[in-house]
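Here is the structure we will look at.
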Amino acid sequence: MTKHAFSGTRESTAAGLQEGVTLNTGASMPWLGLGVFKMGSDAETADAVRQAVKLGYRSIDTAALYGNERGVGEGVRSCGVARDALFVTTKLWNSDMREDRQREAFERSMELLGLDYVDLYLLHWPIDGKKAASWKVLEEIAASGRAKAIGVSNYMVPHLERLREVSGVVPAVNQIEYHPYLQSPELLAYCREKGIQVQAWSPLMHGGALLTDPVLAEIAARRGKTIAQVVLRWDLQTGVVTIPKTAKAARLQENADIFDFELDATEMAAIAAMNRDERSGADPMNFSF
């Protein structure tokens, strides 16, 4: 796992979007992908997937919770790019873990997606008393070949340690809330040590105060980039895969235009100093849904 994803200066957007990190399974996962959380109808989702793929995106992240797996599958099947050139992620929702419906939930997701396999299947949240049993089901799914890699989402070090106690299968990915106001250095260090690739959800903090931060604004002005582009570039240079969500073609293009520059050491240090341990989402150590 590298802390410096790209050398940066002359890659085309399309080529950059197809660059990937090698997971602990040996598979390649694109550094930048499309998230579809709270995207609208299946038709809107499918259109966003097709637009993204046309621009060069190759990674699409959905979940059972999002209610748009059908739209993602439609977009994947109709985008004109071979299935094996795409990286599709979905996730097992909490209620299905609590009610021991893990296998049924996976089958439902696959039916909605209309795909033979997913590239990555994640436990969405660390559900007390269900982590080990749910992980065992994911191991079985991976062994069947219907999930090329398995991982977790919103897992902190104690949750990951619990999996390590009961399984020799190390998660390929840990998808967490990650942005300049929430940098989780201890968790990142743990994941790097164990060979777990960190992936950022909410990398732009839902477009809140982060996108007007004066430190980021100064860097963006100097680089001739937007604040969002600076943040996404920072993700990659910290070795974190990222999946910003948008259904707008212009924003898809903007998010992708991050492969023609590189933040220098001073800029990286300035962003590192912005950490506030501030969440926009739920605390994985204390949630009730």
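Tell me which residues, restricted to segment 70-102, are in contact with a helix residue (DSSP H, G or I) (Cβ under 7 Å, 6 or more places away or on another chain), of a type in the set (A, V, I, L, M), under 26 Å from G20 (Cα atoms) and without any contact (Cβ under 8 Å) to a residue 40 or more places away in the chain.
If the condition is that a residue be in contact with a helix residue (DSSP H, G or I) (Cβ under 7 Å, 6 or more places away or on another chain), of a type in the set (A, V, I, L, M), under 26 Å from G20 (Cα atoms) and without any contact (Cβ under 8 Å) to a residue 40 or more places away in the chain, then V76, V81, L86, V88 are the ones that fit.
Could you please give the count of residues in segment 235-268 that are over 23 Å from E218 (Cβ atoms) and surrounded by fewer than 18 Cβ atoms within 10 Å (Cβ to Cβ)?
Final tally of qualifying residues: 4.
Which pairs do you get when a residue that is under 18 Å from H206 (Cβ atoms), found in segment 273-289, comes within reach of a residue that is surrounded by 13 or more Cβ atoms within 10 Å (Cβ to Cβ) and of a type in the set (F, W, Y), reach meaning Cβ atoms under 6 angstrom, with the pair 6+ apart or on two chains?
R276/Y181; E278/Y181
Per-residue answers, yes or no, for (1) of a type in the set (S, T, Y); (2) touching a Ser or Thr at 6+ places or on another chain (Cβ under 9 Å); (3) over 27 Å from G75 (Cα atoms):
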| site | (1), (2), (3) |
| --- | --- |
| S202 | yes, yes, no |
| L211 | no, yes, yes |
| I227 | no, yes, yes |
| T242 | yes, no, no |
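Here is a list of conditions, (1) within 17 Å of the chain's Cα centre (by Cα); (2) without any contact (Cβ under 8 Å) to a residue 12 or more places away in the chain; (3) over 19 Å from A149 (Cα atoms), and G67 meets all of them except one; can you say which number that is?
(1)
Just to be sure I understand, how many residues within segment 75-121 are in contact with a Leu (Cβ under 8 Å, 6 or more places away or on another chain) and among the β-branched types (V, I, T)?
Of the residues in that region, 4 qualify.
Within segment 263-289, work out how many residues are touching a helix residue (DSSP H, G or I) at 6+ places or on another chain (Cβ under 7 Å) and either among the aromatic types (F, W, Y) or over 27 Å from S153 (Cβ atoms) (or both).
Adding up the residues that qualify gives 3.
Step by step: first the residues of segment 194-208, then only those that are touching a residue at least 24 places away in the same chain (Cβ under 8 Å) and in a helix (DSSP H, G or I), then the one that is nearest to L263 (Cα to Cα). Which residue is that?
M205
Can you list the helices (runs of 4 or more DSSP H) found entirely within segment 215-278 that contain at least 3 residues being closer than 18 Å to Q18 by Cβ?
Once the helices (runs of 4 or more DSSP H) in segment 215-278 are filtered for at least 3 residues that are closer than 18 Å to Q18 by Cβ, what remains is 227-237, 249-256.
Given the residues A143, A105, which is the only one that is more than 19 Å from the chain's Cα centre (by Cα), part of a helix (DSSP H, G or I), surrounded by fewer than 22 Cβ atoms within 10 Å (Cβ to Cβ) and touching a residue at least 24 places away in the same chain (Cβ under 8 Å)?
Numbers: A143 fails: touching a residue at least 24 places away in the same chain (Cβ under 8 Å).
It is A105.
Could you give me the residue pairs with C-beta distances under 6 Å whose first residue belongs to segment 243-254 and is in contact (Cβ under 8 Å) with a residue 60 or more places away in the chain, whose second residue is hydroxyl-bearing (S, T, Y) wherever it lies, and which are 6+ apart or on separate chains?
Every condition considered, the pairs that remain are L252/T246.
Identify all residues within segment 58-86 that are closer than 16 Å to E111 by Cβ and among the hydrophobic types (A, V, I, L, M, F, W, C); write none if there are none.
A63, A64, V72, V76, listed by residue number.
Read-outs: derived from the displayed coordinates by stated rules, not from any lab. Here the structure is a predicted model, which is why all the values come from computation and not from measurement. Positions of Cβ are backbone-derived with ideal geometry, glycine not excepted, and every protein chain shown enters the neighbour counts.
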